[in-house]
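The values are calculated or read from the model by the stated rules, or taken from the named source; none is laboratory data. If you're wondering where the values come from, they're calculated on a predicted model, not measured in any experiment. Cβ placement follows ideal geometry from the backbone for every residue including glycine, while neighbour counts extend to all protein chains displayed. Remember, those area values only see protein heavy atoms, side chains included, never the ligands or the DNA or RNA. Shrake-Rupley method; radii C 1.70, N 1.55, O 1.52, S 1.80 Å.
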Amino acid sequence: MTLWDLNPNQHAKVSKLGLDKAISQRLSDMGFSQLTDVTCLFVTAFGGPRVYQVGESLLSLSREMAQNIEVS
Amino acid sequence: MIQRYYLLGKPNSGKTLLFNRLTESEKKVANYSGATTVENKALIPGSQIELIDLPGFYSSEVFSDDEKLALSKASQTQNADTGFLYVIEALKLKSGLINALTLIKKLSIDINKVQFVFNMIDELELNKINLPQNEIESILKRPCHFVSALTKKNLTELKMNLLSLDTFPNLSIEDLESIQNNLSSLKLTPTSSFALKNSTRLDRYLLSPLWGSVFFIFIMSALFQSIFSWSSPFMDAIEWSLSGISQGVAGVLGEGFWANFFIDGIITGFGAFVIFTPQIFILTFIIKCLEASGYLARATIICHKSLRFFGLSGESFIPLLSSHACAIPGILAAKSIKSKKEKWITMLCLPLTVCSARLPVYALLIYMFIPPIYYLGGLFGSQGLAFLSLYLFGITLTLIGSFLLSRTLIPNKGQDPFILELPSYRWPEFFNIAKTSFKVCIQFIKDAGPMIFFANLGLWFLAQFPLSQTQFSESYLARMGRWLTPLMEPLGLAWEHGVALLTSFLARETFVSTLSTIYSSKNDDPMALKELLIQSQSLTWASGLALIVFFAIALQCVSTLAILKKELPKKFSVTMIFIVYLFAAYTLAWMTYQIFS
């Protein structure tokens with residue numbers, strides 16, 4: 001299951017960042033590291049970026065990014 | 001002794017506002033990530049200590065130019081006289097500190113030179129949250145400052161501390177490890193729920209697939225419509241004052257050469273431009289309010305997908321919107337775009353948006369051709385709607401330009417690494433924004449004023465001489481202007497418009513003041529330019545449209561060309577960009593005239 005598959009208000013834990021090293025590092029520094037709790041908050045129109053809560057932050061990720069983050 | 005402090009921190013942690021407060025500067029602040037794209041430097045008043053504000057960064061892996069700049073400064077500045085102020089949003093204290101300590105370690109920043117500044121404590125107070133300040137300080141073993149740059153709380157203490165020579169125990173790399181471990185055991189009131197509560201309540205509507213899009217369209221339409229509707233009374237007041245000044249001058253000097261010089265050469269020419277400052281004020285004010293509220297980051301998400309189709313991304317939205325005030329801040333804002341190709345496309349197409357310098361020309365043509373009709377009790381007006389459609393025309397041209405570029409010269413269909421942190425919603429500081437917008441207007445007059453003044457003076461002399469002339473058509477200006485006739489005729493324009501177009505390459509606004517000088521030299525009765533133009537019957541619907549198309553495309557702005565030359569790689573020749581824009585402007589204006597005449 002990927003982050004993109006989460007429905008609004010659904011929680012999960014990040015299990016794997018399947019993006020290239022630089023982007024994974026950046027996501028990790030922004031709070032998206034393994035075992036972090038993440039909640040999908042908002043789904044926007046036309047398949048646009050979705051909004052997730054990670055710790056104290058609201059982060060928005062595009063489909064391409066979210067589909068490469070595995071959650072469980 | 002420390003002589004220089006760098007402000008480090010995540011984007012949107014309030015570094016620039018803190019910099020402004022400590023150095024009494026007025027650098028641009030906004031409530032979204034990436035508002036600062038260059039380094040700002042200034043001395044702290046009353047000291048020799050320099051403060052340097054850097055763009056924010058999240059990670060040691062950086063993509064955009066502004067982040068690269070910040071990272072290079074942070075990691076290479078190891079001089080003994082350099083210190084760092086690490087700014088962290090107080091409501092995100094724990095995650096902010098974890099991120100800061102990770103980066104300090106990765107970038108090999110000497111922890112002994114770092115002081116922590118926890119900013120925005122006003123938001124903690126608002127939510128009645130108490131931070132265990134002593135515990136935090138004892139864990140970090142470094143100076144910690146709990147401040148609010150917005151309300152100026154504890155800023156004097158921070159300033160005094162920076163100027164003092166207090167010493168703290170030296171820490172080693174091992175100490176940094178233990179600090180990180182101790183931090184994880186720090187128990188804090190769950191601040192996240194407070195930070196997110198307000199945002200999520202509003203975002204439920206503002207980001208919803210249906211209402212989010214409706215609100216976005218409404219707010220953008222209201223923005224561009226209001227520029228015209230709200231400014232009308234102020235423009236009338238300026239027109240009335242200028243006419244009063246002209247009459248006063250005429251009363252003192254009577255008729256003759258000097259009265260003509262002051263009224264037609266100076267007041268008319270300069271006034272023709274000054275009259276449009278209310279529109280510039282309203283546009284700047286609304287854009288700055290949107291920036292401060294935190295809504296622009298949401299707008300970025302809403303339009304990301306659509307902009308991708310045109311070879312841009314959500315990150316291009318803020319530069320595009322800013323360029324409606326002026327292309328230069330728009331180009332600087334584009335520096336924070338992570339993808340190189342998207343950044344180039346955004347910068348190359350930005351000059352097609354309707355900047356404030358185009359306003360006077362469009363406003364004049366709308367006043368001439370569109371009669372004022374009001375709908376919904378005056379909420380919407382025909383002239384305002386015409387203005388809105390011109391803004392939409394500019395946006396359409398920008399999107400067509402970026403679409404073509406992304407599919408030809410700068411192919412851009414690659415990855416879509418879009419990540420954006422959403423800021424909390426905040427009330428804009430209306431008074432300060434009004435003050436800044438007023439300063440923008442003054443700066444606008446100062447920048448364009450001298451050029452307009454001297455261009456008009458030159459034109460006025462050419463229109464008045466030789467003194468033996470019995471008719472205006474015998475003046476030097478008319479004789480020279482007639483050389484432009486072969487170029488203007490295919491667009492349905494007269495030589496007068498040709499002269500005005502020529503001077504508009506100095507600055508777009510000069511177009512209106514040039515026409516004003518020419519037509520008032522031709523006519524003895526003092527009247528507003530729109531009336532002079534209507535009376536002269538020199539512009540038809542088709543030629544007016546051709547003129548709009550020419551102005552919408554041509555890149556008549558020396559400052560924009562200079563900044564494009566600085567920010568774009570060498571492979572993009574600025575002369576070539578100018579020629580391509582000019583060729584497209586002339587050709588499409590010609591086609592417009594041929595279709596509508």
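Can you give the relative contact order of segment B:4-193 as a percent, counting alpha carbon pairs under 8 Å and 6+ residues apart?
Contact order relative to length: 21 percent.
Averaged per residue, what accessible surface does segment A:3-71 expose to a 1.4 Å probe, in Å²?
In whole numbers, segment A:3-71 has 40 Å² accessible per residue.
Taking K and R as +1 and D and E as -1, what net charge do the other residues with C-beta under 11 Å from the C-beta of residue A:44 add up to?
Net of charged neighbours comes to +3.
Which lysines, if any, have their Cα less than 29 Å from the Cα of residue B:435, not counting same-chain residues under 8 positions apart?
Output for residue B:435: B:10, B:15, B:27, B:28, B:41, B:152, B:153, B:159, B:288, B:335, B:446.
Can you tell me the dipole magnitude for segment B:1-56 around its Cα centre, using point charges on the Cβ only (Lys, Arg +1; Asp, Glu -1), in Debye to the nearest 20?
It works out to roughly 140 debye.
Going Cα to Cα from residue B:197, which aspartates and glutamates come in below 17 Å? Please leave out same-chain ones fewer than 8 positions away.
A:56, B:89, B:122, B:123, B:125, B:421
For segment A:5-20 and segment B:309-328, what is the separation of their C-alpha centers, rounded to whole Å?
Result: 30 Å between the Cα centres.
Looking at chain B, which longest stretch skips every one of the GluC sites (Glu not before Pro) that is in a DSSP loop with at most 16 other Cβ atoms within 10 Å, leaving the sites themselves out?
By the stated rule (loop sites, at most 16 other Cβ atoms within 10 Å), B:40-254.
Taking the Cβ of residue B:121 as the centre, find all other residues whose Cβ is under 11 Å away and add up their charges (Lys, Arg: +1; Asp, Glu: -1).
Around residue B:121, the surrounding residues sum to -3.
How far is helix B:340-349 tilted off the main Cα axis of chain B, in degrees rounded to 10, range 0 to 90?
30 degrees
Place the peptides A:63-71, B:281-289 in order of packing, highest mean first, counting for every residue the other Cβ atoms within 10 Å and averaging per peptide.
Going from most to least packed, we get B:281-289, A:63-71.
Compute the long axis of helix B:93-106 from its Cα atoms, compare it with the longest principal axis of the Cα atoms of chain B, and write down the angle in degrees, 0 to 90, nearest 10.
90 degrees
Just name one of B:150, B:382, A:49: the one whose Cα is farthest towards the positive end of the charge dipole of the protein assembly as shown (beta-carbon charges, Lys/Arg +1, Asp/Glu -1).
A:49
Tally the DSSP beta bridges in the protein assembly as shown and give the antiparallel ones as a percent, rounded to 5.
The answer is about 60 percent antiparallel.
With unit charges on the beta carbons (Lys and Arg positive, Asp and Glu negative) and the dipole taken about the Cα centre of chain B, which residue among B:262, B:417, B:211 sits farthest to the positive side?
B:417
Considering only protein heavy atoms, what per residue accessible area in square angstrom results for segment B:4-193 with a 1.4 angstrom probe?
Ligands and nucleic acids excluded, the figure is 41 Å² per residue.
Please report the buried accessible area for the interface of B with A, total over both chains, probe 1.4 Å, in Å² to the nearest 100.
Buried surface at the B/A interface: approximately 3000 Å².
Mind running the shape call on segment B:4-193? Use the C-alpha gyration tensor, a ≥ b ≥ c as the square roots of the eigenvalues: rounded below 1.5 for a/c, prolate if a/b tops b/c, oblate otherwise.
Cα axes put segment B:4-193 in the rounded bin.
Taking beta carbons within 10 Å but only from partner chains, what does the mean come to for residues B:309-319?
Mean shielding count: 1.
Given a 1.4 angstrom probe, I'd like the percentage of the accessible area of chain B that is carbon and sulfur, rounded to a whole number.
After summing per-atom areas, the C and S share lands at 65 percent.
Give the average, rounded to an integer, of partner chain Cβ atoms located within 10 angstrom of each Cβ in A:26-35.
For this peptide, the per-residue mean of nearby foreign Cβ atoms is 5.
How tilted is helix B:430-464 with respect to the longest principal axis of chain B? Cα atoms for both, answer in degrees (0 to 90, nearest 10).
On a 0 to 90 degree scale, this one is about 30.
What is the magnitude of the charge dipole of chain B about its Cα centre, with +1 placed on the Cβ of each Lys and Arg, -1 on the Cβ of each Asp and Glu, and no other charges, expressed in debye to the nearest 20?
The dipole magnitude comes to about 1440 debye.
Order B:575-585, B:217-227 from most to least packed using the mean count of other Cβ atoms within 10 Å.
Output ranking for B:575-585, B:217-227: B:217-227, B:575-585.
Quick one: plug the Kirkwood hydrodynamic radius of chain A (C-alpha pairs) into Stokes-Einstein at 20 °C, 1.002 mPa s, and report D in µm²/s.
Stokes-Einstein gives a translational diffusion coefficient of 182 µm²/s.
For segment B:339-441, give the magnitude of the charge dipole about the Cα centre (Cβ charges: +1 Lys/Arg, -1 Asp/Glu; no others), in debye to the nearest 20.
Roughly 260 debye, rounded to the nearest 20.
Where does each of B:365-377, A:17-29 land if you order them by average Cβ count within 10 Å, highest first?
Output ranking for B:365-377, A:17-29: A:17-29, B:365-377.
Find how many whole Å separate the alpha carbon centroid of segment B:226-293 from the alpha carbon centroid of segment B:44-91.
44 Å
Could you list the square roots of 5 times each eigenvalue of the Cα gyration tensor of chain B, that is, the equivalent ellipsoid semi-axes, sorted largest first and rounded to whole Å?
51, 26, 23
Just want the answer: with Cβ charges of +1 for Lys and Arg and -1 for Asp and Glu, which residue in B:499, B:360, B:85 is farthest toward the dipole's positive end in the protein assembly as shown?
My answer, from the dipole projection, is B:85.
Averaged across B:52-64, how many Cβ atoms of other chains sit within 10 Å of each residue's Cβ atom?
Average per residue, whole number: 3.
Straight-line reach from residue B:305: which aspartates and glutamates have Cα under 15 Å away, leaving out those fewer than 8 places along the same chain?
Within the straight-line limit of under 15 Å, residue B:305 reaches these aspartates and glutamates: A:64, B:315, B:342, B:416.
Using only DSSP helix segments of four residues or longer, with each worth -39500 (n - 2.57), what per-residue ellipticity at 222 nm results for chain B after dividing by its residue count and rounding to 500?
Theoretical 222 nm ellipticity from helices: -18500 deg cm²/dmol.
Where Lys and Arg each count +1 and Asp and Glu each count -1, what net charge lies around residue B:429 among other residues with Cβ under 10 Å from its Cβ?
+3
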